[in-house]
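Asks: Sharing a structure below in structure tokens format, with a few things to ask.
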Amino acid sequence: MGKDVIIACDFASKEATLKFLDLFKEKKPFVKIGMELFYSEGPSIIKAIKSRGHKIFLDLKLHDIPNTVKKSMKVLSHLDVDMVNCHAGGTKAMMKAALEGLTREDGTRPLLIAVTQLTSTDQMSMENDLLIKEDMKKVVMHYAKNAKDSGLDGVVCSPLEAKAVHDTCGSKFLTVTPGVRFADSAKGDQKRVMTPSEAKKIGSDYIVVGRPITEASDPVSAYERCLKEFTL
Ligand code: C5P
């Protein structure tokens, strides 16, 4: 389990996504499909990508009352995806319900990962908008611990937080980390970044990489470079 590169397929349409994935003839990468594509294309996009042999992280970040999340997770488990997520802010009861809904009759289920505080939320907005007055790092670690206590498999976090998450929740608790850039590539709008080999060193289990691969002149070699730096 773990140690893989997940390509963030942030494309506007099914056509653009499948055209991109057609470039990969041999190893089929693990891909992340987000809300925009899923809401515009529906479950058929998942079936199309699955039938081509890819693993899928369906990044829908569920957050609602436990009963609704449980029933929605049940629907997602039948889509045969490999990883899904929900907000730890929905409480332990919600995360436990998510896990229950996700578990299929034969006991198998996709990995379930929690979102702690979004990286778009900073200390000031957390204090002023959410009235959470604690230090951000403490909040993130507390949410990660709640996810672990609820039986989840890991959290999405910055690679800079991966070590602290492992120290708090154990080395088997998965860290899925976006914000990865090659040493020689543009950062784009990501502020705090790490290279794939740095992410490997600090113990990330999965790195989520979008534009350094999707916008590369040769996406297949960019993916292979990323995989090599992260896993070898
Ligand atoms: O193109 P880039 O490598 O920046 O893509 C990173 C992906 O990870 C995007 O899909 C982005 O939405 C997602 N993500 C992130 N930071 C987070 C959570 C998710 O960049 N904290």
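The values are calculated or read from the model by the stated rules, or taken from the named source; none is laboratory data. Quick caveat: nothing in here was measured; it's all calculated off a predicted structure. Backbone-built Cβ (ideal geometry, glycine too); neighbour counts: all protein chains shown.
Asks: Would you confirm whether any residue within the stretch 80-94 is surrounded by fewer than 18 Cβ atoms within 10 Å (Cβ to Cβ), of a type in the set (D, E, K, R) and assigned to a helix (DSSP H, G or I)?
Replies: Yes: the stretch 80-94 contains one or more residues that are surrounded by fewer than 18 Cβ atoms within 10 Å (Cβ to Cβ), of a type in the set (D, E, K, R) and assigned to a helix (DSSP H, G or I).
Asks: Taking the stretch 85-136 only, how many residues are over 17 Å from residue 154 (Cβ atoms) and out of contact with any helix residue (DSSP H, G or I) (no Cβ under 7 Å at 6 or more places or on another chain)?
Replies: 17
Asks: I'm trying to understand the selection: among the residues of the stretch 168-223, which are in contact (Cβ under 8 Å) with a residue 12 or more places away in the chain, among the basic types (Lys, Arg) and within 9 Å of the ligand (Cβ to nearest atom)?
Replies: Once the filter is applied, which keeps residues that are in contact (Cβ under 8 Å) with a residue 12 or more places away in the chain, among the basic types (Lys, Arg) and within 9 Å of the ligand (Cβ to nearest atom), the stretch 168-223 yields 181, 211.
Asks: Filter the stretch 97-156 down to the residues that are under 16 Å from the mean Cα position of the chain (by Cα) and of a type in the set (Val, Ile, Thr), then identify the one that is nearest to residue 191 (Cα to Cα).
Replies: Of everything passing the filter in the stretch 97-156, 119 is nearest to residue 191 (Cα to Cα).
Asks: Are any residues in the stretch 4-42 surrounded by 14 or more Cβ atoms within 10 Å (Cβ to Cβ) and away from the ligand (no atom under 15 Å from the Cβ), and if so, which ones?
Replies: Scanning the stretch 4-42 gives 14, 18, 21, 24, 41.
Asks: Would you confirm, using the coordinates I've provided, whether residue 69 is buried (at least 22 other Cβ atoms within 10 Å of the Cβ) and farther than 23 Å from residue 207 by Cβ?
Replies: The answer is yes for residue 69.
Asks: Given the structure, is residue 71 over 30 Å from residue 146 (Cα atoms) and either modelled with pLDDT of 95 or more or away from the ligand (no atom under 16 Å from the Cβ) (or both)?
Replies: no
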